[in-house]
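Asks: The structure is given below, and queries will be raised subsequently.
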Amino acid sequence: MEVGSIAADLHEQEHHGPPTPNQSSRVDAQTLGIYLFIISEIMLFGAFFTAYFFLRVVKGDPWPAPGTTIPVGIAAVNTAVLVSSSFTMHWANVSAKNGNRPAMRAGLWATFFLGLTFLSVQINEYVHLGWSPQDHAQGTIFYGLTGLHGAHVTVGLLLLLFANIRANRGHFSPDAHRGVEIPGIYWHFVDVMWIFVFFSLYIL
Amino acid sequence: MRGLPDRKTGWLSWLSTTDHKKIGLMYIYATFLFFMLGGVEALLMRLQLAQSQNTLINPQTYEALVTMHGTTMIFLFVVPVLAGFGNYFVPLMIGARDMAFPRLNALSFWLLVFGGIVFYMSVFFTPPNTGWTFYAPLSDSAFSPSNGVDAWIFLIHLTGLSSVLGAINFVATIHNMRARGMGWARMPLFIWGILIYSYLLILALPSVAAAVTMLLTDRHFGTGFFDVAQGGDPLLWQHLFWFFGHPEVYIMILPVFGMISEIIPVFSRKPVFGYKAIAASTAAIAFLGMLVWAHHMFTTPTPIVVLAFFMLSSFAIAVPTGIKIFNWIATMWRGALVFKVPMYFAVGFIAQFLIGGISGVMSAVFPVDWQLQDTYYIVAHIHYVLFGGSVFGIFAGLYYWFPKMSGRMMNETLGKVSFWLMFVGFNMTFFVQHALGLEGMPRRIYTYQSGYGWDTENLISTIGSFILAAGILVTLFNAVRSVKTGKKAGNDPWNANTLEWFTPSPPPENNFDVIPRIRSAEPMKDIRREVAAAGRPAGSVAQPVAPGT
């Protein structure tokens with residue numbers, strides 16, 4: 001303890017700032033911050049799920065709207081694409097921790113392109129569905145939930161793009177890879193949330 | 001301070017600051033500005049209602065005033081002013097040098113300011129006039145074609161994002177940056193209040209953010225979330241709105257409970273009674289508060305068993321709330337009470353909040369609520385908890401912490417005059433509204449016939465509201481005057497218990513040169529005891545005498 005604080009003091013003298021404050025938690029503030037943000041995101045999705053279950057359970061309306069269909073097969077393949085991107089993201093993160101830069105960069109790019117594929121298939125689905133959010137409440141809620149999720153995929157892709165640019169510039173090391181880790185946490189959240197969206201809207 | 005970049009000075013130092021104290025002060029200035037706007041709106045409404053069939057204000061303007069008053073007080077005053085006090089005092093009370101994310105903190109503040117500006121811009125075209133709850137279908141484009149509703153929607157988006165980001169910042173700060181030795185059971189109770197307030201914001205605000213987004217697409221892109229013709233349901237709005245709206249009332253009171261729990265022990269010269277019970281009841285209120293939203297919807301077509309659940313869960317909240325009130329009274333019991341202005345407001349808070357709590361339990365009985373819904377009884381109830389409770393608590397906090405923020409004391413006499421004007425004015429305004437509600441006067445009506453027997457009570461209420469306003473102005477005058485002419489406060493004018501009083505008033509930019517090790521929930525008491533025992537200067541106690549804790 002004493003040795004540690006002396007070392008910390010020397011460290012401070014090198015860095016000319018006020019002494020670092022005490023850290024009272026094992027989780028650093030940035031990681032805690034993204035988890036808290038994800039809790040609020042879950043509640044945001046929860047409100048749209050409320051709209052969905054309110055329609056189906058409380059009101060007992062049919063799903064999908066009478067005379068319309070939802071293409072389950074393509075969405076199932078697309079789900080597999082998105083879920084596999086979680087594995088590549090994990091690979092990138094582990095590689096960043098181990099200092100394996102080529103694997104980290106391969107993982108980040110793979111995740112980015114898998115995500116981009118998912119988003120393109122979703123947009124293609126919108127084009128070919130044949131009904132719109134204005135047609136009926138089922139359409140509103142379908143486009144509302146998938147659209148909210150698609151917006152989150154887009155944000156995730158931007159974060160990944162940023163991580164890729166930073167990786168190209170030589171950022172990230174085994175000691176400093178928060179720029180991979182935090183987009184990763186967000187990306188896993190987007191994936192898991194899609195599984196709930198998929199099961200509710202397409203399967204149930 | 002070697003190696004640090006030059007600090008900006010003048011007004012640029014305020015616009016560009018990431019210092020939690022400056023941001024906290026800007027929150028307090030901005031929100032008090034909105035408080036005055038909301039207050040003027042309230043006074044205009046009371047003027048219109050002073051006599052029956054008054055023609056001072058036309059119905060559209062009156063409904064716009066109702067809407068703007070409610071929205072302003074909730075989204076632009078009580079919630080953000082608590083964030084302001086939190087910003088200033090959370091790092092000081094836990095022994096940190098700033099918040100966990102200083103730049104995010106500045107973003108939160110500016111989002112709030114621009115949310116307020118966007119909303120008030122609607123005054124120049126058509127202000128919204130649906131009431132602060134914006135129930136669909138009234139708020140849908142068919143019935144509210146004007147852009148006032150959209151201005152409100154963007155206010156919710158901007159201030160909501162501001163609050164959620166601020167809340168994440170508070171939680172990360174409180175979890176991560178407490179001084180050495182400050183375990184969970186040694187955190188000041190105000191910190192507990194801000195922590196639970198932040199968790200509630202994170203959990204509840206996304207619901208209303210989603211709801212207003214749905215309303216926005218319904219209004220402009222033809223979606224059918226709330227439109228019956230398309231198969232949507234207006235009741236969904238009420239569920240999503242109140243799933244946020246009820247935790248919101250605890251968001252507006254829990255940090256105030258924390259302030260009261262700091263102030264009462266200091267002015268009773270006794271440790272707080274039942275520290276753990278107060279902290280735990282704060283968490284219990286938050287948990288139960290998430291399960292009671294439909295007690296705002298007792299008159300909607302909902303099965304009786306659901307109504308009974310929401311009635312019972314609402315009753316249950318009275319238990320942890322009662323625990324707090326008994327703890328505060330037990331703290332004062334046989335204490336050496338010092339009646340300074342913060343204590344006046346704290347005691348006034350307890351009395352008035354108790355009345356508001358009791359009328360809340362009454363209206364939680366759903367058959368009773370069927371009678372009381374949308375009457376002035378509910379108006380009286382909400383103002384007893386929100387004004388008699390939250391605002392009196394905020395004034396207690398202002399008088400208590402003003403010396404720390406400005407370095408100078410506020411005038412005691414003016415403070416007491418302000419308290420008595422506010423106390424008498426408040427109760428005069430709102431106590432009679434219970435009677436008006438029971439006599440059947442509906443809320444949000446712009447005028448009423450003379451034959452109903454509501455004239456005298458309305459006149460009393462209006463006179464009371466102007467006395468209340470005079471009381472508020474005395475405090476504002478006192479604050480402005482004391483910044484320049486108040487007597488110097490010194491580090492610790494109240495002989496208080498918590499760490500913010502360890503540092504000079506106002507605190508330097510780095511808050512503390514040394515951060516003492518914390519050994520109890522009342523670190524300043526330990527420090528004073530050590531100083532007295534050893535006869536050493538206060539700074540030297542920062543070095544722990546014995547290892548451990």
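The values are calculated or read from the model by the stated rules, or taken from the named source; none is laboratory data. Since the structure is predicted, the reported quantities are computational estimates derived from the model, not experimental observations. As a convention, Cβ positions derive from the backbone with ideal geometry for all residues, glycine included, and neighbour counts pool all protein chains shown. These area figures cover heavy atoms from the full protein model, side chains too; ligands, DNA and RNA do not enter into them. Shrake-Rupley method; radii C 1.70, N 1.55, O 1.52, S 1.80 Å.
Asks: What does the charge count around B:Ala346 come to, taking other residues whose C-beta lies under 13 Å from its C-beta (Lys +1, Arg +1, Asp -1, Glu -1)?
Replies: Every neighbour counted, the sum reads +1.
Asks: Would you mind giving the average projected area, over all directions, of the Cα convex hull of chain A in nm² with one decimal? Please list the in-between numbers first.
Replies: Values: hull surface 59.3 nm².
The number I arrive at for chain A is 14.8 nm².
Asks: Charges only on Cβ, +1 for Lys and Arg, -1 for Asp and Glu: so what's the dipole of the range A:26-203 about the Cα centre, in debye to the nearest 20? Let's see the in-between values first.
Replies: Details: 9 positive and 8 negative charges, 96 e Å.
Once rounded to the nearest 20, the dipole reads 460 debye.
Asks: Find out how many positive minus negative residues lie around B:Thr503, taking Lys and Arg as positive, Asp and Glu as negative, among other residues whose Cβ is under 10 Å from that of B:Thr503.
Replies: It works out to a net charge of -2.
Asks: Among B:Pro516, B:Val164, B:Thr67, which residue has its Cα positioned farthest towards the positive end of the charge dipole of chain B, with +1 placed on the Cβ of Lys and Arg, -1 on the Cβ of Asp and Glu, and the dipole taken about the Cα centre?
Replies: Towards the positive end, the residue furthest out is B:Pro516.
Asks: Per-residue mean of other chain beta-carbon atoms within 10 angstrom of the beta-carbon, peptide B:216-229?
Replies: 4
Asks: Once label points are set 7 Å from the Cα along Cα→Cβ at both A:Ala151 and A:Thr68, what is their separation, rounded to one decimal in nm?
Replies: In this crude label model, A:Ala151 to A:Thr68 measures out at 1.9 nm.
Asks: Between 0 and 90 degrees, rounded to the nearest ten: what's the tilt of helix B:341-363 against the longest Cα principal axis of chain B?
Replies: Relative to chain B, helix B:341-363 is tipped by roughly 40 degrees.
Asks: Enter the buried accessible area of the A/B pair, total of both sides, probe 1.4 Å, in Å² rounded to the nearest 100. Could the numbers behind the result be given before it?
Replies: Values: alone 11600 and 21860 Å², together 30330 Å².
When A and B are taken together, about 3100 Å² of accessible area is lost.
Asks: Can I ask one more? Scan chain A and note any complete DSSP helix (H) whose C-alpha atoms cover at least 18 Å along its axis and whose Kyte-Doolittle average is 1.0 or more.
Replies: Details: long enough: A:2-15 (20 Å, -0.64); A:29-53 (35 Å, 1.52); A:72-98 (39 Å, 0.72); A:101-128 (41 Å, 0.51); A:137-168 (46 Å, 0.94); A:178-198 (30 Å, 0.97).
Once both thresholds are applied, what remains is A:29-53.
Asks: Let me know the charge dipole size of chain B about its Cα centre in debye, to the nearest 20, where only the beta-carbon of Lys, Arg (+1) and Asp, Glu (-1) is charged.
Replies: 2560
Asks: What fraction of the Cα pairs in chain B, stated in percent, has a spacing above 40 angstrom?
Replies: In whole percent, the share of Cα-Cα pairs in chain B beyond 40 Å is 23.
Asks: Put a dot 7 Å past each Cα toward the Cβ at A:Lys97 and B:Val483; how far apart are the dots in nm?
Replies: Each label point lies 7 Å from its Cα, and together they span 5.2 nm.
Asks: With bins 10 Å wide starting at 0, give me the P(r) of the protein assembly as shown over every alpha carbon pair, in whole percents.
Replies: Whole-percent P(r) values from 0 Å outward: 3, 13, 22, 25, 19, 12, 6, 1, 0.
Asks: Got a sec? Which residues in the range B:243-281 would a label at B:Phe326 touch, if it sits 7 Å along Cα→Cβ and we count backbone N under 16 Å?
Replies: Only B:273-281 fall inside the zone, counting backbone N under 16 Å.
Asks: Ok, one more. Excluding same-chain residues fewer than 8 positions from B:Lys404, which lysines have a Cα within less than 21 Å of its Cα?
Replies: Qualifying lysines at Cα under 21 Å: B:Lys21, B:Lys22, B:Lys340, B:Lys416, B:Lys484, B:Lys487, B:Lys488, B:Lys525.
Asks: On to the next question. Using protein chains only and a probe of 1.4 angstrom, how many square angstrom of B:Thr130 are accessible, to the nearest 10?
Replies: 10
Asks: Would you tell me the mean number of C-beta atoms belonging to other protein chains that fall within 10 Å of each C-beta in A:34-47, as a whole number?
Replies: Mean partner shielding for this stretch: 6.
Asks: B:Ser141: net charge of surrounding residues, Cβ under 14 Å, Lys/Arg +1, Asp/Glu -1, itself excluded? It would help to have the intermediate numbers written out before the result.
Replies: Working: positive: B:Arg219; negative: B:Asp140, B:Asp150, B:Asp218, B:Asp227.
Overall, the nearby charge balance is -3.
Asks: Put +1 on the Cβ of each Lys and Arg and -1 on the Cβ of each Asp and Glu in chain A; which of A:Val58, A:Thr31, A:Ser132 then has its Cα farthest toward the positive end of the dipole?
Replies: Final value for the positive-end residue is A:Ser132.
Asks: Roughly how crowded by other chains is peptide A:137-150, in terms of the mean Cβ count from those chains within 10 Å of each of its Cβ atoms? Walk me through the numbers on the way to the answer.
Replies: Working: counts 12, 4, 4, 13, 7, 0, 3, 6, 0, 0, 1, 2, 0, 0.
Other-chain Cβ atoms within 10 Å of each residue's Cβ, averaged: 4.
Asks: Whenever you get a sec, line up B:Ile28, A:Ile42 from highest to lowest accessible area (probe 1.4 Å, protein heavy atoms).
Replies: Sorted by accessible area, descending: A:Ile42, B:Ile28.
Asks: Let me ask something else. Positive end of the dipole of the protein assembly as shown, charges at C-beta (+1 Lys, Arg; -1 Asp, Glu), about the Cα centre: which of B:Ile527, A:Ala151, B:Tyr384 has its Cα farthest in that direction?
Replies: Checked the options; the winner is B:Ile527.
Asks: Also: Starting from the Cα of B:Lys324, draw a straight line to each of the lysines and keep only those under 19 Å, dropping any in the same chain fewer than 8 residues away.
Replies: B:Lys270, B:Lys276
Asks: If I take R0 = 51 Å and measure r between the Cβ atoms of A:Ser132 and B:Ser16 in this structure, what FRET efficiency does the formula 1/(1 + (r/R0)^6) give, to the nearest 0.05?
Replies: 0.65
Asks: Let me ask something additional. With +1 on the Cβ of every Lys and Arg and -1 on the Cβ of every Asp and Glu, and nothing else charged, how large is the dipole of the protein assembly as shown about its Cα centre, in debye rounded to the nearest 20? Numbers along the way, then the final one.
Replies: Values: 42 positive and 37 negative charges, 495 e Å.
Dipole of the protein assembly as shown, to the nearest 20 debye: 2380 debye.
Asks: Next question, about the same structure. Give the calculated FRET efficiency between B:Thr299 and B:Asn495 to the nearest 0.05, with a Förster radius of 60 Å applied to their Cβ-Cβ distance.
Replies: Details: r = 52 Å, r/R0 = 0.86.
Calculated transfer efficiency: 0.70.
Asks: What's the carbon and sulfur percent of the protein assembly as shown's accessible surface, probe 1.4 angstrom, rounded to a whole number? Working shown, then result.
Replies: Working: 21050 of 30330 Å².
Reported share for carbon and sulfur atoms: 69 percent.
Asks: Per residue of chain B, what 222 nm ellipticity follows from adding -39500 (n - 2.57) for every DSSP H run with n ≥ 4, rounded to the nearest 500? Let's see the in-between values first.
Replies: Details: 18 runs with 348 residues, N = 549.
So the helix-based figure for chain B works out to -21500 deg cm²/dmol.
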